[in-house]
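First comes the structure, then the notes that go with it.
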Amino acid sequence: MVNRVILIGNLGKDPEVRSLENGAMVAKFSLATGESYRDKEGNWQEQTEWHDIIVWRAVAERAEKSLKKGMTIYLEGKLTHRTWQDKDSNNRKTTEIVADYFRIVKNSSGANGASFPSEKDDPNNRNNVSNVSDAPMPTASEELPVTADDDLPF
């Protein structure tokens, strides 16, 4: 069985970091992910989901030092649910992602937080169509360049 979450999104606030009595650090922050879609009328709509993220120990220390509101990050972790009682003794349930890895994302345009798909990714957008038949096809004997600093985690 697998419980694995992968998210790419923007930080909604700086991480809130605290140390527990046993000395372990914990950090909490919110992460916004977004997607675009066309509605029934063909108009582009944006939908944002907010995720509560928890990181522990060394990952929390790293988050405190390097993460700021608005940054785009890639993270991996697991989905968790916990129940608790609020100050009025009402039972509450929270869904969180306990992350064990994150990486700051920088895209080629320098902009953070692009949603996919977007209007520019629309295959029906005639202004976005490029003529791929003009590009030469690689031959089997050509080698693809290998980069040692590949940022992709997969």
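Any read-out appearing in this document is the output of simple, stated calculations on the displayed coordinates, not a laboratory observation. Owing to the predicted nature of the structure, the values given are computational and were not obtained by experimental measurement. Glycine also receives a Cβ, built like all others from the backbone with ideal geometry; neighbour counts cover every protein chain displayed.
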1/(1 + (r/R0)^6) with r = Cβ-Cβ of GLU16 and GLU41, R0 = 30 Å, i.e. FRET efficiency to nearest 0.05, evaluates to 0.15
Classified through the alpha carbon gyration tensor (a ≥ b ≥ c as square roots of its eigenvalues; rounded if a/c is under 1.5, else prolate when a/b is larger than b/c, else oblate), the range 5-110 comes out oblate
For the table LYS40/LYS78; LYS28/LYS106; LYS69/LYS93; LYS40/LYS93; LYS13/LYS87; LYS78/LYS106, the rows whose alpha-carbon distance is greater than 28 Å are LYS40/LYS78; LYS40/LYS93
Amide H contacts under 5 Å for VAL105, restricted to residues at least 5 apart in sequence or on another chain and with H modeled in the peptide plane, are THR72, ILE73, TYR74
Distance in nm between ASP100 and ASP88 label points, each 7 Å along Cα→Cβ, equals 3.9 nm
Amide H neighbours of ASP14 at under 5 Å, excluding residues fewer than 5 places away on the same chain, with H built from the backbone geometry, are LYS69
Expressed in nanometres to one decimal, the distance between label points 7 Å along Cα→Cβ at ILE8 and LYS28 is 2.9 nm
Once normalised by the length of the range 5-110, the mean sequence separation of its alpha carbon contacts under 8 Å that are 6 or more apart gives a contact order in percent of 29 percent
